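Data first, discussion second: the structure below is written as C-alpha cells.
No value in this document is a laboratory result; all are computed from the given coordinates. Predicted model, so just to flag it, every value in this text is computed and none were measured. A quick note on method: Cβ atoms are made from the backbone with ideal geometry, for glycine too, and the neighbour counts reach across all protein chains shown.
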Amino acid sequence: EDGGSAWCIPKRVFDAKIKVSPPPAKELQEFMQSIPLLSKLNKGELQQLARAAKTVPLEAGKTLCTKGDKANSFFVLRRGGLETRVQGKDGSDSIIQMTAPMVFGESALYSDEAMRVRLATISCPQSAEVIAFPSAHVEALLGFSLQSGVENLMNQKLLDTVMVGGKQITATLSPD
C-alpha cells in the first residue's frame, strides 16, 4: 500500500512565492519597468518582484546602510537624492551624489555570500524614498537571473569613478 508523500518547501520560498501578498500597485510595476536592470523581466516576474518590494521613506540626515554591513537587499532610489560615501585607500572620503531613479546596493545579489557586504555608506541629505528588494526574495522568485545585469551595472559604476584629466573616463568613450 502507498504510504503517501510529504513535501518540504523552504520558508523563504513559501513567503516569497506561495504566500499570497496583496497585488502590487500598477504604478509601482510601471516604475520598475522603467529601470534598465528590471526592464528585461517578463510581466509575471515583474509582478512577483513588485510583491516583494518594500517602500522605505527616508528622512533627511538618516543613514540607510553603512560600509561593512551585510548586504541583504538591493535598492532603487525612487524619489529624492542620496549620498554615497566611499573611503579611499589614503583615508580620504569621496562623496557621490545619487538622484532618482537609480539602482544601488547590487552587492546583495552576488552569488558568493561572502561578497554580500556593503561597499559604501549611503546617507540621506534630504528626504527620499527607496524601494528595497530583499535578496532572499529575489533569489526565490527569479533565481540568479539578474546576476549578469548586476555585474554590468557594477562595472559601469566603477568606470564612472575613473577620472582622466578631470573628466570621467566614460565621457571620453563612444557608446559602442
The long-range amide H neighbours of LEU119, using H built 1.01 Å from N in the peptide plane and a cut-off of under 5 Å, are GLY68
Please list 3J(HN,Hα) in residue order for the range 73-88, calculated via the Karplus relation 6.51 cos²θ - 1.76 cosθ + 1.60 where θ = phi - 60°; whole Hz, with x for glycine and proline.
8, 10, 10, 10, 6, 9, 9, x, x, 9, 10, 9, 10, 10, 8, x
How many nm is it between the label spots at GLN126 and THR66, if each spot is 7 Å from the Cα in line with the beta carbon?
2.7
Give the long-range amide H neighbours of CYS65: residues separated by 5 or more places, or on another chain, with amide H under 5 Å away, using H modelled in the peptide plane at 1.01 Å from N.
ILE122
THR99 and GLU27 label points (each 7 Å along its Cα→Cβ direction) are spaced in nm at 2.2
For the range 29-35, Karplus couplings with θ = phi - 60° (6.51, -1.76, 1.60), whole Hz, Gly/Pro x:
4, 5, 4, 4, 4, 7, 8
Sequence-distant or interchain residues sharing an amide H contact under 5 Å with ALA100, placed H: which?
GLY80
Charge context of LEU64, other residues only, Cβ under 15 angstrom, K/R +1, D/E -1
+3
